[in-house]
Structures are given as structure tokens and as C-alpha cells.
Amino acid sequence: QVQLQQWGAGLLKPSETLSLTCAVYGGSFSGYYWSWIRQPPGKGLEWIGEINHSGSTNYNPSLKSRVTISVDTSKNQFSLKLSSVTAADTAVYYCARGHLVPIRNTYYYYMDVWGKGTTVTVSS
Amino acid sequence: DIQLTQSPSFLSASVGDRVTITCRASQGISSYLAWYQQKPGKAPKLLIYAASTLQSGVPSRFSGSGSGTEFTLTISSLQPEDFATYYCQQLNSYLITFGPGTKVDIK
């Protein structure tokens with residue numbers, strides 16, 4: 001059974017860079033899209049971006065200028081860096097596996113495996 | 001960008017009730033919609049994808065329907081473990097967006 005284990009610094013000061021890593025255990029790393037999603041306290045889900053095993057990325061345009069997602073296929077890990085953080089970046093950050101599946105000649109996307117989340121607080 | 005809205009934002013229901021949540025897209029997205037359930041302090045859990053395909057292991061009381069711009073998630077008989085927040089999600093032009101969520105609470 002595939003599991004995602006994530007870790008990273010939980011307390012940052014404004015202007016610092018957020019850095020999180022997610023490791024994939026028990027399943028294939030290739031053939032999927034690996035995403036980061038965040039959830040500010042008491043609010044909804046916001047997709048940050050994704051990467052596949054070959055390093056191809058897609059980012060949310062609202063965060064694109066500050067986000068870098070990278071992959072280390074030798075370790076089955078992918079990472080998130082978010083630069084110049086502010087209090088508005090305080091959130092629970094999740095990693096997730098994205099799956100693009102063919103159904104009746106059409107491809108459908110969903111995220112079926114999630115990490116447990118990492119709480120990141122930005123405060124001076 | 002395609003925006004998703006959900007209604008209601010909050011609903012209060014009793015065990016055994018039939019519950020319907022609606023998700024509307026700002027433009028047509030065919031059946032490219034998934035539904036997730038999130039309980040407090042937990043990661044979201046996939047319920048339905050391709051608008052109406054039940055994820056393996058999800059109880060059959062959950063069902064999804066719709067295409068284009070209007071979608072529904074139905075819980076046929078609400079159980080105590082179903083009290084949670086529900087989100088719809090779509091992918092279009094390499095951008096993933098979520099609806100704002102519907103919180104289902106105990107009446």
C-alpha cells in the first residue's frame with residue numbers, strides 16, 4: 001500500500017524559504033503526478049503545483065513566481081520550496097499522488113493518496 | 001481559470017438523512033470532477049472521480065452525478081462517520097482547483 005511521508009521546518013520567519021519533502025513508500029514513483037496542496041487555518045484547499053517522475057512541473061499561477069518543486073527519483077522523493085514567505089503562507093501543507101486514468105478514451109485526474117500534512121507557521 | 005462554487009456552504013442533517021451537495025463550474029468541464037471528504041485534522045480522502053466513479057473502498061451510499069457545469073454528490077443515508085467537509089476538484093489546462101467546501105454537521 002502506497003504511503004506518503006512528509007517532513008520539513010514548521011516555523012519560519014517572514015522572507016524565509018519554506019522547504020518540505022515528501023517520500024513515497026510502497027509503490028511506483030513513475031507514471032504519476034506528485035502534488036503539493038495547502039490549507040490555511042479554517043479555510044479550503046489550494047493546489048500549489050505538481051511534478052512527474054521526469055521532472056516536468058505545473059504550478060498554480062498565483063504562486064508560480066515563488067514556487068519550485070523538484071524530484072529525486074533515486075530516493076522516490078519530491079520537494080517543495082516556497083520563497084519569501086509571509087504570514088499568508090501559514091497553512092497545513094499536504095503532498096499527494098495524482099493519477100491520470102483512461103476511461104472510455106478520455107483521461108480523468110484525481111488525487112488518491114495523501115500525506116498526513118505538515119503545519120507551517122510564518123511568524124516574526 | 002475555471003472557478004468552482006459549492007452549495008450549500010454548510011448543512012445540518014441527521015443520521016439517516018439523504019444529503020445532496022452541488023458543485024458548479026464557471027465553464028464546462030465535461031466530467032473532469034472529483035469529490036473529497038475531509039475530517040478535522042486529517043488529509044482529504046478521495047470519494048469519487050470522473051464525476052460518478054466511486055473510488056475503491058468507498059461505501060456505496062456515496063454517489064456522484066453531473067457533467068458540464070453542474071455536479072452533485074449524494075449521500076443516500078447519512079452515517080455518523082460522514083460528518084465532515086466535502087470538496088469538489090477539477091483539472092483544466094494543467095491547473096487544479098478546488099471548490100470552497102461544504103461542511104456537513106450534526107443536527
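The values are calculated or read from the model by the stated rules, or taken from the named source; none is laboratory data. As the structure is a computational prediction, the values presented were derived from the model and not from experiment. Here the Cβ positions follow ideal geometry from the backbone for every residue, glycine too, while neighbour counts run over all protein chains shown. Please note that ligands, DNA and RNA were not included when accessible areas were found on the heavy atoms of the full protein model with its side chains. Shrake-Rupley method; radii C 1.70, N 1.55, O 1.52, S 1.80 Å.
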All positions within region B:54-87 that are within 13 Å of the chain's Cα centre (by Cα) and among the hydroxyl-bearing types (S, T, Y): B:S63, B:S65, B:T72, B:T74, B:T85, B:Y86, B:Y87
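Which of the residues belonging to region B:93-107 are open to solvent by 60 Å² or more (accessible area, probe 1.4 Å) and either more than 7 Å from every other protein chain (Cβ to nearest Cβ) or more than 15 Å from the chain's Cα centre (by Cα) (or both)? Spell out the reasoning first.
Going through region B:93-107, the residues open to solvent by 60 Å² or more (accessible area, probe 1.4 Å) turn out to be B:93-94, B:100, B:103, B:106-107.
Once the filter is applied, which keeps residues that are open to solvent by 60 Å² or more (accessible area, probe 1.4 Å) and either more than 7 Å from every other protein chain (Cβ to nearest Cβ) or more than 15 Å from the chain's Cα centre (by Cα) (or both), region B:93-107 yields B:S93, B:Y94, B:K103, B:I106, B:K107.
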Scanning region A:63-82 residue by residue, the ones that are in a loop (DSSP other than H, G, I, E, B) and either closer than 15 Å to A:Y94 by Cα or in contact with a strand residue (DSSP E or B) (Cβ under 8 Å, 6 or more places away or on another chain) (or both) total 3
Looking at region B:46-60 only, could you name the residues that are away from every other protein chain (no Cβ under 14 Å) and open to solvent by less than 70 Å² (accessible area, probe 1.4 Å)? B:P59
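If we scan region B:8-23, do we find a residue that is within 11 Å of chain A (Cβ to nearest Cβ), in contact (Cβ under 8 Å) with a residue 12 or more places away in the chain and either under 21 Å from A:M111 (Cβ atoms) or open to solvent by 60 Å² or more (accessible area, probe 1.4 Å) (or both)?
Residues of region B:8-23 that are within 11 Å of chain A (Cβ to nearest Cβ), as a first pass: B:9.
Cutting the leftovers down to in contact (Cβ under 8 Å) with a residue 12 or more places away in the chain gives us B:9.
Then keep just the ones that are either under 21 Å from A:M111 (Cβ atoms) or open to solvent by 60 Å² or more (accessible area, probe 1.4 Å) (or both); that gives B:9.
Yes, that holds for at least one residue.
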List, please: which pairs have Cβ atoms under 6 Å, are six or more places apart or on different chains, and start with a residue in region A:1-13 that is under 17 Å from A:Y33 (Cα atoms) and end with one that is of a type in the set (F, W, Y) and loosely packed, with under 13 Cβ neighbours inside 10 Å? A:Q3/A:Y25
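Inside region B:73-91, can you point out the residues that are assigned to a strand (DSSP E or B) and buried (at least 17 other Cβ atoms within 10 Å of the Cβ)? It would help to see each step written out before you state the result.
Of all residues in region B:73-91, those assigned to a strand (DSSP E or B) come to B:73-75, B:85-91.
Hits for region B:73-91 are B:L73, B:I75, B:T85, B:Y86, B:Y87, B:C88, B:Q89, B:Q90, B:L91.
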What about B:Q3, is it surrounded by fewer than 16 Cβ atoms within 10 Å (Cβ to Cβ) and not acidic (D, E)? yes
Among (1) within 19 Å of A:G42 (Cα to Cα); (2) surrounded by fewer than 19 Cβ atoms within 10 Å (Cβ to Cβ); (3) over 13 Å from the mean Cα position of the chain (by Cα), the one test that B:A43 misses: (2)
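This table checks each residue for (1) closer than 28 Å to B:Q90 by Cβ; (2) open to solvent by 30 Å² or more (accessible area, probe 1.4 Å).
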residue	(1), (2)
A:L12	no, no
A:Y32	yes, yes
A:Q39	yes, no
A:K43	yes, yes
A:Y59	yes, yes
Scanning region A:80-113 residue by residue, those open to solvent by 30 Å² or more (accessible area, probe 1.4 Å) and closer than 16 Å to A:Q5 by Cα turn out to be A:V92, A:D112
Candidate set: region A:73-103, residues that are within 9 Å of chain B (Cβ to nearest Cβ) and over 12 Å from the mean Cα position of the chain (by Cα); chosen: the one farthest from B:Y87 (Cα to Cα): A:I103
